[in-house]
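These notes concern the structure reproduced below.
The values are calculated or read from the model by the stated rules, or taken from the named source; none is laboratory data. Just so it is clear, the model here is predicted, and its values are computed rather than measured. In this analysis, Cβ positions are derived from the backbone assuming ideal geometry, glycine residues included, and neighbour counts consider all displayed protein chains. The protein model used for the area step is the full one, side chains on, heavy atoms only, and it has no ligands, DNA or RNA in it. Shrake-Rupley method; radii C 1.70, N 1.55, O 1.52, S 1.80 Å.
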Amino acid sequence: MGSEEEKTTLYQSSSLAPTKEKEEAEEEEEVRGFLVVGNYCHDVLFRDGVVVGEGQGGAASFVSNVFDSFLPSHSQVLESSYVSKVGADFAYTTSGGRHPPLVSATAATTLFHAHFPSLDTAELADRVLKRVHACDPILPSDLPGCRFRFGLAVGVGGEILPCTLSRLIDLCGMVFVDAQALIRIFDPADGTVGLVPLRDSGFSELLPRIGFLKASAEEAPFLDIDEIRKWCCVILTQGKDGCSLYWKDGHSQVLPFPTVQVDPTGAGDSFFGAFVAGLAMGLGVQESALLGNFFGSLTVGQIGIPKFDQRIMQKIKQELGRNTTLCDGLCSRTGVPNFQKSVMHEEFREFLFEAAKLQHTHSTASLNNGKDEN
């Protein structure tokens, strides 16, 4: 199953295999790196009714943070573009002004309130998330007209429409979708976030055209994984248990990394950004999932959008450069993802394990220094 012939046969009729039409289009015009679609937000965190944190939110914010932290900045092949909408009240500068949003003249920035209980043992499922404001949806006409190698649909507040996702698929060679962009619903009275079965969402007919669908353990009951895996790879993030991968003829569990959870917000988004980046840089699917678990573990250890130690990011860049020459990942001759473990899998995991401990040490030292200054 790991040979080039077998990999091509497995997905020769699916969106994981590049179509002849898309290959010909890429040869005729310049193709860029990533197109990320999803609104930036304002996030407010409450614990027992008391505000404990405020900041920029939205999956696109966490994805851009990961991309900007360790993807080569000089590579046009890995350059990222963003389509996000905010209101005139948007309070933040995204990535130093590098990824400016579209500003709505009529709607406020999407605002979420996340309510957590006070118990240290509380799980993510104990969080009550409410959408207080919703900015305008992203329309097909908001997307650029050029082509991209990779597309990410990472809406959080219902801003991605079926027609917009369809247009994103048309523009991109391979598309990665977060299930929350498809199945979230919002109570009309107080904005409490709920979930609807994917088959009832209006997006299900697009599944055969996407490459990867990410979902959380909370979202999994609203998906028919056994059916969806026939069309695309399903990535199920499981917090402290790592993640599971389901593809047409296989399944794998990818182990987590040590961390101390402070704020789970954005962990899945950081995971997804790192997973896509790993594939784009040539890692196999399981090694990319390791990278996703690593960045997810770093994210839960901080409130809001995390700050990554740049010395560690530099080491990761170097290790990726070494591993991608030994892995037959996405950037192989066929362009079809490799689902089998690389011979470097365990060594790569050990490297990330040590990097996670080092990042935690640095974060703890910074937190203690901040307390001393206060």
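For this structure, a couple of remarks:
- Within the stretch 43-65, being buried (at least 24 other Cβ atoms within 10 Å of the Cβ) and either farther than 18 Å from PHE295 by Cβ or touching a strand residue (DSSP E or B) at 6+ places or on another chain (Cβ under 7 Å) (or both) holds for ASP43, GLY57, GLY58, ALA59, ALA60, VAL63, SER64.
- When residues of the stretch 179-196 are limited to those that are buried (at least 16 other Cβ atoms within 10 Å of the Cβ) and more than 17 Å from PRO137 (Cβ to Cβ), the one nearest to the chain's Cα centre (by Cα): ALA179
- Any pair with Cβ under 9 angstrom, 6 or more apart, that starts in the stretch 335-350 at a residue that is of a type in the set (Phe, Trp, Tyr) and ends at one that is part of a loop (DSSP other than H, G, I, E, B) and surrounded by fewer than 19 Cβ atoms within 10 Å (Cβ to Cβ): PHE339/MET1; PHE339/GLY2; PHE339/ASP249
- Residue count for the stretch 338-361 under the criterion of being within 14 Å of PHE294 (Cα to Cα), at pLDDT below 85 and not basic (Lys, Arg): the result is 4.
Rundown of residues vs (1) β-branched (Val, Ile, Thr); (2) under 19 Å from the mean Cα position of the chain (by Cα); (3) buried (at least 21 other Cβ atoms within 10 Å of the Cβ), yes/no style:
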residue: SER201; (1), (2), (3): no, no, no
residue: GLY211; (1), (2), (3): no, yes, yes
residue: ALA215; (1), (2), (3): no, yes, yes
residue: LEU223; (1), (2), (3): no, yes, yes
residue: ARG229; (1), (2), (3): no, yes, no
residue: ASP241; (1), (2), (3): no, yes, no
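- Look at the stretch 275-301: where a residue is without any contact (Cβ under 8 Å) to a residue 60 or more places away in the chain and assigned to a helix (DSSP H, G or I) and a partner is surrounded by fewer than 24 Cβ atoms within 10 Å (Cβ to Cβ) and charged (D, E, K, R), sitting 6+ places away or on another chain with Cβ atoms under 6 Å, you get GLN286/LYS341.
- Flag set for SER80, criterion: of a type in the set (Gly, Ala, Ser), at pLDDT below 95 and surrounded by 17 or more Cβ atoms within 10 Å (Cβ to Cβ).
- Pairs where the first residue, in the stretch 243-255, is open to solvent by 10 Å² or more (accessible area, probe 1.4 Å) and the second is small (Gly, Ala, Ser) and part of a strand (DSSP E or B), C-beta under 8 Å, 6+ apart: HIS251/SER244; SER252/SER244; GLN253/SER244
- Filtering the stretch 164-182 to residues that are in a helix (DSSP H, G or I) and touching a Pro at 6+ places or on another chain (Cβ under 8 Å) leaves THR164, SER166, ARG167, LEU171.
- Boolean, ALA107 is open to solvent by 70 Å² or more (accessible area, probe 1.4 Å), more than 21 Å from the chain's Cα centre (by Cα) and at pLDDT 95 or above: no
- Being of a type outside the set (Asp, Glu) and more than 24 Å from SER61 (Cα to Cα) is a property that ARG209 has.
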